[in-house]
Amino acid sequence: MSSSYLPATTDSIVMALEAISPSEAIAILYRIIDNPSSSPESLRIKEQAITNLSDLLRQENRAEELRSLLTQLRPFFSLIPKAKTAKIVRGIIDTVAKIPGTSDLQISLCKEMVQWTRAEKRTFLRQRVEARLAALLMESKEYSEALTLLSGLIKEVRRLDDKLLLVDIDLLESKLHFSLRNLPKAKAALTAARTAANAIYVPPAQQGTIDLQSGILHAEEKDYKTAYSYFFEAFEAFNALEEPRAVFSLKYMLLCKIMVSQADDVAGIISSKAGLQYVGPELDAMKAVADAHSKRSLKLFEIALRDFKDQLEYDPIVHRHLSSLYDTLLEQNLCRLIEPFSRVEIAHIAELIELPVDHVEKKLSQLILDKKFAGTLDQGAGCLIIFDDPKTDAIYPATLETISNIGKVVDSLYVRSAKIMA
């Protein structure tokens, strides 16, 4: 950064744009920002310089310099309206977020800005930075800290009746409670977000986020048909805006179709006009799962999970539902295969179902413990012994009922004799 400053004029901005290298352009923009002039035109040019500088620093992955820039701009913020300050601060924080591997930096940056906004009494900006900080803490799995921050923020925002921010915070709280597996509180927070959203105009992207969260919560309750409707609404909103989240909404739509045993519809949705725009690994993964489900093939299911690990295993929502589906398919297949036998080698069952022996043995022991069928594992011989379903002997309940009735008669006689003796 040069010690001499440049005049805050359009010519200086053009000079930065025409610079040979990004480093040279960055140096010129810093010199424009260093100009002490506070005339309206100079301030406007400086704002443009800050925007251009942020973009260049992002392209160069210089996240630490973006953080330093926010500190350096604090005297400048006292010269411009608070609304413009908020726009610049949030813009720079968003720019840092676009640089990969900066989660910790974003958290510390937001904490610094919260302290500064408290000192400067900039409530509007502080609340939005705190909401962003809570979202970052949630992504970093710092759930308790995020919940503490949100609980205080929600009370404050409700008093001010800032509906748009309230929608953001309630939606964030719903996601946080869902991550903590607290479904009732997640639903309550989502209802609060919908109530606030109904009172104001909500941008389409925000409405899509609400619908996406609604779909996730309904899917968690196994109400896949309703979840599909919400995912479809979210997909339409994101698709119109060309947002990356559209492909995830479409992916969850396909998941719902698979979970209600309508896997044959998956290929049709993918080959539709809207689906063809998003053909890629995410949709290929769901198509592979749908094929495995249609054929009731656990081997194909295993292959899909292995080949599309990033799309299926590392997506917590898909993984949770597919784990349930896989267990159900495995149970049904195993129970169907062992039905004709009274004693069978585990290796033979594993061969029939095309899965590893240890995997099959583990699942069979689980089914026995869950009393899905009566039997035992002879690990010495490597066999499964299946018992006939024990028939309940009717004499035992009848005997218990007789004894109970005799007890009532004796009690009744005792009461009567007590009255006669009195």
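The values are calculated or read from the model by the stated rules, or taken from the named source; none is laboratory data. Predicted, not measured: the structure shown is a model, and the values here were computed from it. No Cβ is skipped: glycine too gets one built from the backbone with ideal geometry, and neighbour counts run over all protein chains shown. Note: areas computed on protein heavy atoms with side chains; ligands, DNA, RNA excluded. Shrake-Rupley method; radii C 1.70, N 1.55, O 1.52, S 1.80 Å.
Okay, here's what the table says:
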{"read-out": "Cα gyration tensor category, rounded, prolate or oblate, for segment 1-123 with a/c compared to 1.5", "value": "oblate"}
{"read-out": "Separation of the residue 241 and residue 294 label points, Cα + 7 Å toward Cβ, nm", "value": "3.4"}
{"read-out": "Segment 152-267, accessible area per residue, ligands and nucleic acids excluded (1.4 Å, Å²)", "value": "45"}
{"read-out": "Karplus-derived 3J(HN,Hα), 6.51/-1.76/1.60, for each residue of segment 373-386, Hz, glycine and proline x", "value": "7, 8, x, 8, 9, 9, 6, x, 8, x, 10, 10, 9, 9"}
{"read-out": "Helix-derived mean residue ellipticity, 222 nm - over the chain, DSSP H n ≥ 4, -39500 (n - 2.57), to 500", "value": "-24000 deg cm²/dmol"}
{"read-out": "Dipole-positive endmost among 196, 183, 146 within segment 139-196 (Cβ charges, Cα centre)", "value": "183"}
{"read-out": "Formal net charge of residues neighbouring residue 350 (Cβ-Cβ distance under 13 Å; K, R +1; D, E -1)", "value": "-3"}
{"read-out": "Length-normalised contact order of the chain in % [C-alpha pairs under 8 Å, at least 6 apart]", "value": "5"}
{"read-out": "Charge-dipole axis of segment 322-422 as Lys and Arg at +1 and Asp and Glu at -1 on Cβ define it, positive-most pick from 407, 394, 375", "value": "407"}
{"read-out": "Rounded percent of accessible protein surface that carbon and sulfur make up, the chain, 1.4 Å probe", "value": "55"}
{"read-out": "Ranked by how many other beta carbons lie within 10 Å on average, peptides 300-308, 122-130, 193-201 from highest", "value": "122-130, 300-308, 193-201"}
{"read-out": "Computed label-point distance, nm, for sites residue 124 and residue 64 using a 7 Å Cα→Cβ extension", "value": "3.5"}
{"read-out": "Rounded FRET efficiency, nearest 0.05, which uses the C-beta distance separating residue 48 from residue 276 and R0 of 56 Å", "value": "0.90"}
{"read-out": "Folded to 0 to 90 degrees: helix 163-179 orientation relative to the chain principal axis, Cα", "value": "40"}
{"read-out": "Linear extension gain, residue 387 paired with residue 369, 0.36 nm per residue minus alpha-carbon span", "value": "5.1 nm"}
{"read-out": "Most to least accessible of 409, 89, 260 (protein chains only, probe 1.4 Å)", "value": "409, 260, 89"}
{"read-out": "Net charge of Cβ neighbours under 9 Å - reference residue 208; Lys, Arg +1; Asp, Glu -1", "value": "-3"}
{"read-out": "Distance cut-off 20 Å, percentage of C-alpha pairs in segment 170-308 lying past it", "value": "50"}
{"read-out": "Amide H within-cut-off set for residue 375, under 5 Å, with H built and near neighbours excluded", "value": "387"}
{"read-out": "Rg [Å, one decimal], Dmax [Å, integer] - segment 307-422, C-alpha atoms", "value": "25.7, 86"}
{"read-out": "10 Å beta-carbon shell around residue 47, net charge (K/R +1, D/E -1)", "value": "+4"}
{"read-out": "Label point distance in nm, residue 347-residue 403, each placed 7 Å from Cα along Cα→Cβ", "value": "5.0"}
{"read-out": "Extension reserve of the residue 182-residue 284 stretch, reckoned as 0.36 nm per residue once the Cα distance is removed", "value": "33.5 nm"}
{"read-out": "Reachable lysines, given that their alpha-carbon falls under 24 Å from the alpha-carbon of residue 225 and they are not under 8 places away in the same chain", "value": "175, 185, 187, 251, 257, 273, 287, 295"}
{"read-out": "Translational diffusion coefficient (Stokes-Einstein; Kirkwood radius from C-alpha pairs) of the chain at 25 °C, 0.890 mPa s, in µm²/s", "value": "91"}
